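Below is one structure, written out as structure tokens; comments come after it.
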Amino acid sequence: MNQRTIQKEVSFQGIGVHFGAESLVTLKPASENTGIVFISPRFPMEKIVLGQVIPENAMHASVIRNKEFIVSTVEHLMASISAFSIDNLIIEVQGLEVPILDGSALPFVCAIEQAGILEQNIKKNFLTPKKELNFEEQKNGRFITIKPAEYFEESCSYDKNLYFKYFADFKHPLVQKDNLYGVLDNEYFSGYLASARTFGFLEQLPFLRRHGLAKGTTLGNTVVIGEEEFLNDKRFENEFIRHKLLDLFGDLALLGKNLIGSIVAQKTGHNFNRQVIQHYIENPDMWYLI
Ligand SMILES: [Zn+2]
């Protein structure tokens, strides 16, 4: 399989869910071995290259930065880019945050589909750990285990799939325990995860607003869970676990290369998931580039 980029530019404009300000993001085709690179006209000297930066310590979004240049809420866009197996892309950001749009990854998936995928002329590299990795936060039951991709002696090749088992337990009377199993490929992502929207608990909104977050939250971009009822309609009965898996996939896309192997994860969150990227950046010799 060869590296991929998009065939033509595509833009997204809208408010960011946390800062509530308008922003514009443009995806641009990039040549072989460029990687996924964020740029900004405000900071022409400071690009952010995925796989070279550890995400910021942030509670409710994935945030990346290089000095003054900071971009928040990259997870839904990055999940979509990763699902299309895109290796090379320039992402120009005007603003602080990727627009939230409808709260799901569907607008990104549709736009990338319209832009078209371009197969390039150099072999694609996948990332997998050399040994099983375990990340755990025992006190609240969070964990991520990543097992290496399987090697097939007969064909001298690796299994290039990303298998997953995901467990969620929201500890809320309106949202049941749930789990999902499967192969995280483009078909699964586009058909099953992409349209699951951001959700939030009404009781947490005052806390978030006091901390300068969720200023752009509306019922048009977030499914709000009240104490006894949902404030808007869900798209699927299990929309929340689908969105949690979407977010995890988007956070893992900050590795900068497509991950292969098997993931088992439970109760993940952006600030927890960043440990995987930190591990890769601090211990690159513990990972294979295949
Ligand atoms: Zn999300």
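Yes/no matrix, rows are residues, columns are (1) modelled with pLDDT under 95; (2) within 16 Å of the ligand (Cβ to nearest atom):
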| position | (1), (2) |
| --- | --- |
| 101 | no, yes |
| 106 | no, yes |
| 132 | no, no |
| 138 | yes, no |
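Could you run through the range 174-183 and say how many residues are in contact (Cβ under 8 Å) with a residue 24 or more places away in the chain and farther than 12 Å from residue 242 by Cα? Matching residues across the range 174-183 total 2. Test residue 230 against the criterion of being touching a strand residue (DSSP E or B) at 6+ places or on another chain (Cβ under 7 Å) and surrounded by fewer than 17 Cβ atoms within 10 Å (Cβ to Cβ), and give yes or no. When the stated conditions are applied, residue 230 passes them. Scanning the range 22-75 for residues that are of a type in the set (Lys, Arg) and within 22 Å of residue 216 (Cβ to Cβ) yields 42, 65. Picking from residues in the range 156-188 that are of a type in the set (Ser, Thr, Tyr) and farther than 16 Å from residue 266 by Cα, the one that is surrounded by the fewest Cβ atoms within 10 Å (Cβ to Cβ) is 157. For the range 30-41, name all the residues that are more than 19 Å from the chain's Cα centre (by Cα) and crowded, with 19+ Cβ neighbours inside 10 Å. Once the filter is applied, which keeps residues that are more than 19 Å from the chain's Cα centre (by Cα) and crowded, with 19+ Cβ neighbours inside 10 Å, the range 30-41 yields 30, 40.
Being touching a residue at least 24 places away in the same chain (Cβ under 8 Å), more than 23 Å from residue 49 (Cβ to Cβ) and either within 14 Å of the ligand (Cβ to nearest atom) or in contact with a helix residue (DSSP H, G or I) (Cβ under 8 Å, 6 or more places away or on another chain) (or both) is the requirement here; does residue 196 meet it? For residue 196, the condition - touching a residue at least 24 places away in the same chain (Cβ under 8 Å), more than 23 Å from residue 49 (Cβ to Cβ) and either within 14 Å of the ligand (Cβ to nearest atom) or in contact with a helix residue (DSSP H, G or I) (Cβ under 8 Å, 6 or more places away or on another chain) (or both) - is met.
Taking the conditions (1) surrounded by fewer than 19 Cβ atoms within 10 Å (Cβ to Cβ); (2) under 21 Å from the mean Cα position of the chain (by Cα); (3) among the acidic types (Asp, Glu) in turn, residue 247 satisfies each one other than (1). Scoring residue 153 on the criteria (1) over 17 Å from residue 246 (Cα atoms); (2) touching a strand residue (DSSP E or B) at 6+ places or on another chain (Cβ under 8 Å) leaves a single failure, condition (2).
Checking 107, 44 one by one, the residue that is in a helix (DSSP H, G or I) and surrounded by fewer than 22 Cβ atoms within 10 Å (Cβ to Cβ) is 107 and no other.
The values are calculated or read from the model by the stated rules, or taken from the named source; none is laboratory data. None of the values given here were measured: they were computed from a predicted structure. Ideal geometry is used to build each Cβ from the backbone, glycine not excepted, and the neighbour counts take in all protein chains shown.
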